[in-house]
Structures are given as structure tokens and as C-alpha cells.
Amino acid sequence: MASFAETAADIAVEAGALLRYYFERRVAFEMKGDYDLVTEADRASEKLIVERLKQHFPSHSVVAEEGGGQDTSSEYRWYVDPLDGTTNFAHSFPIWNVTLGLEKAGEMVAGVVYDPTRNELFTAERGGGAFLNGKRLAVSKAARVADSLFSTGFPNHNRAVNPNIWFFHELAQTAHGVRRGGSAAIDLAWVACGRLDGFWEIGLSPWDIAAGVLLVEEAGGARSDMNGGVHELRSPHLLTDNGLIHEELLEVFAAIWRGELLHPLPPV
Ligand code: IPD
Ligand code: CA
Ligand code: CA
């Protein structure tokens with residue numbers, strides 16, 4: 001019998017092919033919030049994924065971003081982001097993916113991130129390691145923030161009250177760089193495979209990160225909230241990295257939270 005991750009991978013690859021079909025034809029977008037885009041592709045992908053999950057696992061709960069899930073009393077719950085990186089997708093910017101993560105009794109047990117643009121399939125099962133197209137992954141070996149490349153993101157909702165620009169500013173001064181790719185699941189998958197040394201964001205939703213946090217942990221990385229507390233899927237913020245730089249990052253973050261900007265804006 002196929003494992004949870006294998007079944008999720010088959011579903012993600014099928015949904016990814018559907019998304020690519022729409023991407024090549026440039027779909028129109030609608031707004032579901034002031035700055036929050038949604039397209040026909042998000043909905044078609046979610047419909048396909050939820051149907052497949054119901055076929056394979058009829059008793060499991062499904063929480064899907066566009067609202068197509070089902071709530072059951074099962075201890076298993078799938079988190080589905082049918083298209084992560086919708087703003088990129090709608091602008092033909094090629095960083096987006098489809099991601100599914102499975103939680104059992106509050107713990108992530110399987111996860112998949114599929115990036116159709118690069119044909120990269122990231123998979124993980126708790127205790128079984130993380131893989132990219134079948135090859136085992138390990139996080140990077142950067143031992144200092146000063147030698148690290150990071151990524152972060154800015155959610156579409158509550159933009160005006162999100163303090164992340166201060167974190168971006170400070171880390172951009174002290175590290176090799178800070179990227180803003182526009183897809184949290186790819187950010188996490190890229191921490192897992194060592195292309196990035198760390199990722200943080202304030203205000204993510206469980207479906208953005210369910211699979212990605214398991215990928216990072218199974219690749220040997222660290223995960224907490226941005227204060228160093230235990231991170232859960234619904235925590236207000238997330239910090240993941242290769243583990244070697246976690247304590248140093250938390251010290252920098254603590255100073256930023258306290259408002260001690262290490263690099264004040266220069267006068268103009
Ligand atoms: C968004 C992306 C983005 C992140 C936002 C997410 P969506 O997901 O992952 O990188 O910064 O917080 O909402 O809306 O494209 O599925
Ligand atoms: Ca998302
Ligand atoms: Ca989405």
C-alpha cells in the first residue's frame with residue numbers, strides 16, 4: 001500500500017499539471033481581500049485535490065485554503081494550499097507550487113511541496129527523512145548569520161500592522177541577503193534542501209507551512225516561533241533554519257522586537 005506521502009505526491013503532481021495548464025494560458029484574477037488574489041486555477045486545483053483526498057481517505061478531515069474541505073472527527077487532518085504563490089502565478093512570475101500536509105493528533109506526519117516550474121517534488125514523512133525527486137535532503141552548514149542567505153514573506157492580509165519590514169531591514173544589513181520569493185512553501189522546501197539557510201514570516205496560515213515545516217525538520221533543521229517558543233501551525237510567526245544559526249538569529253530578533261534597531265535609517 002502506498003504511504004501517505006506517496007499518495008499526496010501523486011495528487012500534487014496531478015494538481016501541478018492542471019496549474020501549469022492555466023499558467024501557460026494566463027488566467028484572470030479576482031480579489032478576495034484588498035490585496036489578496038484568487039484565480040480559477042486555485043479553485044480548480046483545490047477541487048481536484050479535495051476529490052482525490054476524499055477518494056483515498058474518506059474519513060480524514062481536509063482544511064483547504066479556498067474553503068473546499070470537509071470536517072470529520074478523524075485524528076487525521078490534511079492542510080491543502082492548492083496554489084501557493086497566487087500573486088506570482090497571476091503575474092507569470094515563476095515561483096509557485098501546490099502543497100499538502102497531513103497532521104495526526106496535532107503532529108505533522110507527511111508533507112509534499114510540488115513545484116511544476118522546476119519539476120521538483122519535495123516529500124517527507126515523520127522519522128523517514130526529506131527528499132527532493134527521491135534524493136535525500138539535508139539543511140545547509142552555514143554557521144553564522146553573517147554567512148547566511150534568508151528568505152521571508154509578507155502576507156496579503158493585515159499589511160499595515162505587520163512589523164516584518166524591520167526584520168527584513170536588519171537581516172539585509174547583516175546577512176548575505178534576504179529574498180522575498182512570494183511562496184512560503186517553496187521558501188521552506190529551499191531551507192530543507194540548503195538553498196536557503198533560514199526563513200521567517202509573521203502571519204502565515206497552516207496550509208502555507210504544514211508540509212514545509214516537516215520538510216525542514218526531517219532535513220535536520222530547527223523550528224520555533226520568532227521568540228524561540230514552540231511553534232505550532234497556528235502560531236502567529238515562524239522561524240526555521242539549519243539549526244546552527246538558530247540561537248544567533250533569536251538574539252538578533254529579540255533586539256528587533258525590543259525596538260533596538262541595529263541599523264537605523266540613514267538621514268536623507
Ligand atoms: C502566500 C505566499 C506568500 C506569503 C503569504 C502567503 P498564497 O500564499 O505563500 O509567500 O508571504 O503569507 O499567503 O496566498 O499565494 O497561497
Ligand atoms: Ca499560501
Ligand atoms: Ca493559496
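The values are calculated or read from the model by the stated rules, or taken from the named source; none is laboratory data. Just so it is clear, the structure is predicted and the values come from calculations on it, not from any experiment. Glycine gets a Cβ as well: all are built from the backbone with ideal geometry, and neighbour counts include every protein chain shown. Ligands, DNA and RNA are stripped out before the accessible areas are found, and what is left, the full protein with its side chains, is counted by its heavy atoms. Shrake-Rupley method; radii C 1.70, N 1.55, O 1.52, S 1.80 Å.
When the Karplus curve 6.51 cos²θ - 1.76 cosθ + 1.60 is applied with θ = phi - 60°, which whole-Hz ³J(HN,Hα) does each residue of region 18-34 get, with x for Gly and Pro?
5, 4, 4, 4, 5, 4, 5, 9, 6, 7, 6, 10, 10, 9, 10, x, 4
Sort 235-246, 46-57, 151-162 for me by packing, meaning the mean count of neighbouring Cβ atoms within 10 Å per residue, highest on top. Intermediate results must be reported in sequence, preceding the final value.
Working: 235-246: 21.2, 46-57: 17.9, 151-162: 15.5.
Top to bottom by mean Cβ count within 10 Å: 235-246, 46-57, 151-162.
So what's the projected area for region 4-136, the Cα convex hull averaged over all directions, in nm²?
Values: hull surface 31.9 nm².
Average of the hull's projected areas for region 4-136 equals 8.0 nm².
What's the long-distance tail for region 58-187, i.e. % of Cα pairs beyond 25 Å? Working shown, then result.
Working: 3373 of 8385 pairs.
When every Cα pair of region 58-187 is considered, 40 percent fall beyond 25 Å.
With unit charges on the beta carbons (Lys and Arg positive, Asp and Glu negative) and the dipole taken about the Cα centre of the chain, which residue among Gly129, Ser73, His91 sits farthest to the positive side?
His91
From the phi angles alone, apply the Karplus equation (6.51, -1.76, 1.60; θ = phi - 60°) to region 114-124 and give each ³J(HN,Hα) in whole Hz, x where the residue is Gly or Pro.
For region 114-124, the Karplus-derived couplings read 10, 10, x, 4, 9, 6, 10, 10, 9, 9, 8 Hz, x marking Gly and Pro.
Return one number: the angle in degrees, 0 to 90 and rounded to the nearest 10, between the long axis of the Cα atoms of helix 40-56 and the longest principal axis of the Cα atoms of the chain.
60 degrees
For a quick protection proxy, order the peptides 60-68, 203-211, 91-99 by their average other-Cβ count within 10 Å, most packed first.
Numbers: 60-68: 18.6, 203-211: 24.3, 91-99: 20.8.
The packing order, highest mean first, is 203-211, 91-99, 60-68.
By how many degrees, 0 to 90 and rounded to 10, does the Cα axis of helix 246-257 deviate from the longest principal axis of the chain?
The two axes meet at around 70 degrees.
If amide H atoms are built 1.01 Å from N in the plane of the peptide, which residues on other chains or at least 5 residues away come under 5 Å of the amide H of Ala222?
Asp241, Asn242, Gly243
Picking from Gly127, Gly182, Gly69, which is most flexible by a Gaussian network model of the chain using Cα springs under 10 Å?
Gly127
Given R₀ = 41 Å, what would the calculated FRET efficiency be for Glu30 paired with Ala146, taking r from the Cβ atoms and rounding to 0.05?
0.40
Taking 1 over the mean of 1/r across every pair of different Cα atoms in the chain, what Kirkwood radius in Å do you get? Could the numbers behind the result be given before it?
On the way: mean 1/r = 0.0537 Å⁻¹.
Value: 18.6 Å, from the Cα pair sum.
Could you pull out every residue, at least 5 positions away or on a different chain, whose amide H is within less than 5 Å of the one on Gly181? Hs are placed 1.01 Å off N in the peptide plane, and Pro or chain starts have none.
Thr152
By the scheme Lys and Arg +1, Asp and Glu -1, what is the net charge of all other residues having a beta-carbon under 9 Å from that of Tyr79? Write down the numbers at each step before the final one.
Values: positive: Arg77; negative: Glu65, Asp81, Glu103, Asp208.
Summing Lys/Arg as +1 and Asp/Glu as -1 gives -3.
When only C-alpha pairs under 8 Å and at least 6 residues apart count, what is the relative contact order of region 142-250, in percent?
Relative contact order of region 142-250: 30 percent.
Please report the carbon-and-sulfur percent of the accessible area for region 4-136; probe 1.4 Å, protein heavy atoms only, DNA, RNA and ligands left out. Present the calculation step by step, with values, prior to reporting the outcome.
Numbers: 2920 of 6060 Å².
Carbon plus sulfur share of accessible area: 48 percent.
Under a point-charge model restricted to the Cβ atoms of Lys and Arg (+1) and Asp and Glu (-1), what is the dipole moment magnitude of region 145-257 relative to its Cα centre, in debye to the nearest 20?
Working: 6 positive and 14 negative charges, 89 e Å.
I would put it at about 420 debye.
Calculate, for the chain, the solvent-accessible area per residue in square angstrom, rolling a 1.4 angstrom probe over the heavy atoms of the protein chains.
Value for the chain: 45 Å² per residue.
Grab the eigenvalues of the alpha-carbon gyration tensor for region 145-257, scale each by 5, take roots, and send me the semi-axes largest first in whole angstrom. Each step should come with its number before you reach the end.
Details: eigenvalues 59, 58, 36 Å².
Listed largest to smallest, the semi-axes of region 145-257 are 17, 17, 13 Å.
Would you work out the charge dipole size for the chain about its Cα centre, treating the Cβ of every Lys and Arg as +1 and the Cβ of every Asp and Glu as -1, and quote it to the nearest 20 debye? Intermediate results must be reported in sequence, preceding the final value.
Numbers: 23 positive and 37 negative charges, 94 e Å.
Roughly 440 debye for the chain.
Identify which of Val27, Val213, Val178 has the largest mean-square fluctuation in a Gaussian network model of the chain, with springs joining Cα atoms closer than 10 Å.
Val27
Give me Rg/Rg_expected for region 12-57, where Rg uses Cα atoms only and Rg_expected = 2.2 N^0.38 Å with N residues.
Values: Rg = 12.1 Å, N = 46, 2.2 N^0.38 = 9.4 Å.
Compactness ratio reported: 1.28.
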